[in-house]
Structures are given as structure tokens and as C-alpha cells.
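**Student:** Could you have a look at this structure, given as C-alpha cells, before my questions?
The values are calculated or read from the model by the stated rules, or taken from the named source; none is laboratory data. In this text the structure is predicted, and so the values were computed from the model without any measurement. We place every Cβ from the backbone using ideal geometry, glycine too, and count neighbours over all the protein chains shown. Side chains included, ligands, DNA and RNA excluded: accessible areas come from the protein's heavy atoms. Shrake-Rupley method; radii C 1.70, N 1.55, O 1.52, S 1.80 Å.
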Amino acid sequence: MFAQTKRQIKIYTKFQKDIWTVEVDVGQIEQVLLNLYINAWQAMPGGGELYLETQNITLDENYVRPFKVKPGPYVKISVTDTGVGMDETTKQRIFEPFFTTKEGNRGTGLGLASAYGIIKNHGGIITVYSEKGRGTTFNIYLPASEKEAIKQEKLAEGVLKGGETILFVDDEEMIIKTGKELLETLGYKVLIAKSGKEVIEIYRAKNEQIDMVILDTVMPDIGGGEIYDMLKKINPDIKVLLSSGYSMNDEIKEILERGCDGFIQKPFTLKELSRKIRKILDKE
Ligand SMILES: Nc1ncnc2c1ncn2[C@@H]1O[C@H](COP(=O)(O)OP(=O)(O)OP(=O)(O)O)[C@@H](O)[C@H]1O
Ligand SMILES: [Mg+2]
């Protein structure tokens with residue numbers, strides 16, 4: 001999935017106007033959605049399309065009966081990919097803890113099991129439609145609430161905010177989109193670079209206003225280590241957080257030994273990302 005070749009994933013969104021309110025643990029629901037995005041992304045090694053949709057919907061007695069939840073108004077969230085899909089036997093098992101078809105240590109098989117638990121705890125439903133070779137849709141239904149939405153100022157416990165400017169470097173549209181959103185939620189100003197060449201250009205032009213760089217170690221044009229060295233030449237005091245879809249490996253270790261400030265594995269959670277950033281930016 002992190003091959004050096006360029007892969008196109010197009011994202012289409014269709015969001016309901018005047019969407020109903022739901023009362024949820026934002027951190028948990030974010031975790032559920034993040035896992036669905038990553039699964040979709042991993043299911044499209046040759047690129048594809050991702051559809052994100054929200055909808056107000058009223059579920060009747062008949063529909064909800066097998067799921068043992070209440071009939072009534074729900075907010076439906078759909079995540080559809082045009083990826084590899086699943087056969088019937090796989091589909092039967094995806095919500096089981098530790099069930100994974102991903103080789104090596106690429107998957108723990110806990111993503112959907114925890115998604116299932118979280119949605120159930122919210123009184124909701126999660127369903128899947130999939131056809132081998134064609135793609136997959138996950139639907140989440142969360143019970144709508146009578147309450148008015150309140151703008152959430154308070155972030156989950158342990159999440160640390162900031163206001164600095166961060167240059168976020170990745171070549172995957174989906175990672176860029178979620179990364180930017182996470183960082184902005186935390187209060188940061190975000191600049192984006194999509195290739196090694198672009199990072200260098202942007203950093204050369206704007207390094208005085210950039211407080212930190214979050215750098216994907218696998219870029220299509222220039223290796224992560226090489227990018228790091230070039231950035232360091234521009235500014236010896238640069239602060240860089242490395243990111244990678246792989247867990248710690250020799251390449252990452254080497255870059256860290258050359259002075260790089262930290263490492264975070266993708267997909268990152270809001271809390272983890274927020275803490276790694278503060279740890280680096282607050283370091284003297
Ligand atoms: N969008 C999808 N397309 C095809 N198969 C999928 C999709 N989402 C999940 N699966 C299948 O369901 C399995 C379980 O998914 P789950 O998210 O629980 O674990 P994982 O992705 O393998 O590991 P982890 O989430 O811990 O990284 C996957 O290994 C895969 O076989
Ligand atoms: Mg997963």
C-alpha cells in the first residue's frame with residue numbers, strides 16, 4: 001500500500017443539508033471513521049473512488065428488529081469504496097476481533113471489531129455490503145437526538161491544542177485530507193506539500209513562518225531521509241515529525257539518529273498526533 005508508485009483515489013462527498021444532531025463521543029466516532037477510510041484505502045491498491053455520504057433517515061420497526069435498536073430518526077453515514085471487495089466468507093467474519101486478511105503486521109483485525117462495539121454502545125447500527133472485485137459500502141446509523149447541536153469547544157481529554165504553522169507532507173489525498181482536518185481541529189495553521197520537490201520548494205520559500213514539518217517517509221519522488229537532510233540544510237534547527245504507514249524500521253531509525261524529532265505511525269489518532277506535536281514544539 002505504500003509502494004512508491006503514484007496512486008489516485010478520488011473522493012466524492014454528498015452531505016445531507018440540515019443534518020440531524022447526534023449525541024456521540026466524538027473521539028470514538030472519529031476512530032471508527034478513520035478505520036473505515038484506511039480500510040477503503042487499503043482495499044484500493046490500484047487507486048479508485050471513495051464516496052462519503054450522510055443522510056437523515058427514519059428507520060421503521062421492521063428494519064431495526066434484527067439489530068435490537070429503537071425505530072425512529074437516525075443519521076446515516078456511508079463510506080463506499082470501489083476496491084477489491086470481499087467474498088461471503090470474509091464478510092461473515094469482519095467484525096470478529098483479530099480477524100484480518102492483511103499480511104504480516106499490517107493489520108491487527110481490531111478496527112472493525114472496535115467499530116462494531118462503539119456503534120453498538122451508541123445505540124446504532126453498522127452494516128456492510130460488498131461484492132468481490134467491485135467494492136464495499138459500510139453504513140453507520142446513529143440515533144438522532146432532539147437536542148440542538150452545540151459547537152464543541154472542548155476536545156477529548158488528553159488532546160493538546162496549538163496555534164503554530166505546520167507543513168504537512170504526504171502524497172495520498174486521503175491522508176492529506178484527514179491530516180489537515182485533524183491539525184486544524186487542534187488549532188494549527190496547515191500548509192500542504194504533496195511531493196518531495198514541493199516540500200523543498202515550500203520550505204525554502206516559507207521556512208520562517210513554518211514551525212514544524214510532518215513528513216511522510218515514503219514519497220514518490222525523493223526518499224524521506226534525503227528530504228530530511230535537504231530541509232535540515234535550509235534550517236539546521238528545523239523540527240520534523242516523521243510519519244509512516246510502517247512501524248519503526250531501519251530507515252526511520254536512521255533519520256531519527258540524524259536529529260529528526262519524532263515518529264508517528266499512520267493512521268494517527270487525534271490524541272496521539274496532538275501530543276507528539278506538542279512534545280516537539282515545546283522542546284527547548
Ligand atoms: N473496505 C474494505 N474492502 C475490502 N475488505 C475489507 C474492507 N474493510 C475491511 N475489510 C476486510 O475486513 C478485515 C477486517 O478489517 P479490520 O478493520 O477489522 O481489520 P484490519 O483492517 O485487517 O486491521 P486493522 O484495522 O487493525 O489495521 C480486513 O482484513 C479485510 O479483509
Ligand atoms: Mg482496519
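**Student:** Give me a count of the residues in region 182-238 that are assigned to a helix (DSSP H, G or I) and acidic (Asp, Glu).
**Tutor:** Counting residues in region 182-238 that are assigned to a helix (DSSP H, G or I) and acidic (Asp, Glu) gives 5.
**Student:** Count, please, the residues in region 18-34 that happen to be modelled with pLDDT of 95 or more and closer than 19 Å to residue 172 by Cα.
**Tutor:** Qualifying residue count, region 18-34: 1.
**Student:** Among the listed residues 76, 120, 132, identify the single one that is open to solvent by 90 Å² or more (accessible area, probe 1.4 Å), more than 12 Å from ligand 1 (Cβ to nearest atom) and modelled with pLDDT of 95 or more.
**Tutor:** 120
**Student:** Exactly one of (1) within 11 Å of ligand 1 (Cβ to nearest atom); (2) open to solvent by less than 30 Å² (accessible area, probe 1.4 Å); (3) assigned to a strand (DSSP E or B) is unmet by residue 38. Its number?
**Tutor:** (3)
**Student:** Listed residues 100, 90, 108; which is buried (at least 16 other Cβ atoms within 10 Å of the Cβ) and among the β-branched types (Val, Ile, Thr)?
**Tutor:** Going through 100, 90, 108 in turn, the sole match is 100.
**Student:** If you don't mind, another one. Taking residue 85 as meeting all but one of (1) within 15 Å of the chain's Cα centre (by Cα); (2) buried (at least 17 other Cβ atoms within 10 Å of the Cβ); (3) not acidic (Asp, Glu), write down the number of the exception.
**Tutor:** Unmet condition: (1).
**Student:** Shifting gears a bit: Give me the pairs: first residue in region 24-49 and in the same structural domain as residue 122 (by TED's automatic domain parsing) and more than 14 Å from ligand 2 (Cβ to nearest atom), second residue modelled with pLDDT of 95 or more and part of a loop (DSSP other than H, G, I, E, B), beta-carbon distance under 7 Å, and six or more apart or on different chains, which are they?
**Tutor:** Listed pairs, sorted by first residue: 24/122; 48/82; 48/83; 49/82.
**Student:** For region 202-253, how many residues meet the condition of being open to solvent by 10 Å² or more (accessible area, probe 1.4 Å), touching an Asp or Glu at 6+ places or on another chain (Cβ under 6 Å) and among the charged types (D, E, K, R)?
**Tutor:** Looking only at that region, the number is 2.
**Student:** Could you say whether any residue in region 98-119 is over 20 Å from the mean Cα position of the chain (by Cα) and either more than 30 Å from residue 7 (Cβ to Cβ) or charged (D, E, K, R) (or both)?
**Tutor:** Yes: one or more hits.
**Student:** Which condition from (1) open to solvent by less than 40 Å² (accessible area, probe 1.4 Å); (2) in the same structural domain as residue 242 (by TED's automatic domain parsing) is the one that residue 137 breaks?
**Tutor:** (2)
**Student:** Looking only at region 262-277, count every residue that is in contact (Cβ under 8 Å) with a residue 40 or more places away in the chain and open to solvent by 30 Å² or more (accessible area, probe 1.4 Å) and tell me the total.
**Tutor:** 4
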